[in-house]
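Structure first, then comments.
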Amino acid sequence: MSWERVFAALMRYMWAWWRGDSYDLETGQSHLWHAACCIASLIAYEVGMIGLPQIGNQNSNKPPSNNMKRYGKA
């Protein structure tokens, strides 16, 4: 899974909320709840090194080695 899709959805939900749209018309749920799910997904992808991050330069796609110990991946 491309992280880009999840990040793009996160930004759409946040901008909709920022413009004053409280709820998603399709689901009836808060845009903030949808945004929180997107963030949780991105965290899970990062921790599990799942998917295809398309962020920053190629050297910044992996957490620093000290974070790997925190995630139990060292």
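Listing for the model above:
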{"quantity": "Extreme residue, farthest from Arg5 (Cα to Cα), among residues of the range 25-47 that are surrounded by 17 or more Cβ atoms within 10 Å (Cβ to Cβ) and without any contact (Cβ under 8 Å) to a residue 24 or more places away in the chain", "calculated": "His31"}
{"quantity": "Elements of type helices (runs of 4 or more DSSP H) contained in the chain, each with 3 or more residues being out of contact with any helix residue (DSSP H, G or I) (no Cβ under 8 Å at 6 or more places or on another chain), modelled with pLDDT of 90 or more and of a type outside the set (A, V, I, L, M)", "calculated": "3-18"}
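The values are calculated or read from the model by the stated rules, or taken from the named source; none is laboratory data. Since the model is a prediction, treat every value here as computed from it, not as a measurement. Every residue, glycine as well, gets a Cβ built from its backbone with ideal geometry; the counts of neighbours run over all protein chains shown.
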